[in-house]
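Notes follow the structure.
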Amino acid sequence: MSPKRDSFKDFVLDQLTDLHGLTCRAMFGGYGLYHGDMFFGIIHKGRLYFKVTIATASRYKAHSMKPFQPNAKQTLKSFYEVPIDVIENAEALTQWATEAVEK
């Protein structure tokens, strides 16, 4: 792992301090975010993705965010990139994370 990727992960985890029960596990060259047993987030190549529902996907699309694409042949439309302005605002990020967990 590059230091940049790890520092981004650390920043995201710091921003989500108020989300009690959050754990982070290394997976497939990135990290998976869990709330209890619920897998709700992916940190991959310096980007953050949250699980979306029909109700929440429109918010991500309104910010021109794209679904998670780990490689050229695979797109996971159930996870969308979180906008940087949300990542930089701990309160907003915690709210978006909570919505991803609640599905």
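The values are calculated or read from the model by the stated rules, or taken from the named source; none is laboratory data. Quantities reported herein were computed from a predicted structural model and do not represent experimental measurements. Note that we place each Cβ from the backbone using ideal geometry, even for glycine, and neighbour counts take in every protein chain shown. All accessible areas refer to the heavy atoms of the entire protein, side chains included, with ligands and DNA or RNA removed. Shrake-Rupley method; radii C 1.70, N 1.55, O 1.52, S 1.80 Å.
Using the Cα gyration tensor of the stretch 32-81, with a ≥ b ≥ c the square roots of its eigenvalues, what is the shape: rounded (a/c below 1.5), prolate (a/b larger than b/c) or oblate (neither)? Before the final figure, lay out the partial values.
Numbers: a/c = 1.66, a/b = 1.08, b/c = 1.54.
It comes out oblate by the Cα gyration axes.
Under 20 Å of direct C-alpha separation, and excluding same-chain neighbours fewer than eight residues apart, K51 reaches these aspartates and glutamates: D10, D14, D18, D37, E81, D85, E88, E91, E99, E102.
Taking each DSSP H run with n ≥ 4 as -39500 (n - 2.57) and averaging over every residue of the chain yields -11000 deg cm²/dmol at 222 nm. Heavy-atom accessible area, probed at 1.4 angstrom with all protein chains present, ranks S64, S78 as S64, S78, highest first. The chymotrypsin sites (Phe, Trp or Tyr not before Pro) of the stretch 48-103 include none that meets both criteria, a DSSP state outside H, G, I, E and B (loop) and at most 13 other C-beta atoms within 10 angstrom of the site's C-beta. The 3J(HN,Hα) values that the Karplus relation (6.51, -1.76, 1.60; θ = phi - 60°) gives for the stretch 17-33 are, in residue order, 3, 6, 8, 5, x, 6, 10, 10, 10, 5, 7, 6, x, x, 9, x, 9 Hz. Gly and Pro appear as x. Between L13 and S78, the distance separating the two model label sites (each 7 Å from Cα on the Cα→Cβ line) works out to 2.5 nm.
Using Cα extents along the principal axes in Å as the read-out, say which of (i) 33, 32, 27; (ii) 54, 28, 19; (iii) 87, 25, 21 was calculated from these coordinates. The value computed from this structure is option (i).
Could you work out what % of the accessible surface of the chain is carbon and sulfur, using a 1.4 angstrom probe and leaving DNA, RNA and ligands out of the count? Working shown, then result.
Details: 3170 of 6120 Å².
Using a 1.4 Å probe with all protein chains present, the chain comes out at 52 percent carbon and sulfur.
Remark: the chain carries 59 Å² of accessible area per residue (probe radius 1.4 Å; ligands, DNA and RNA excluded).
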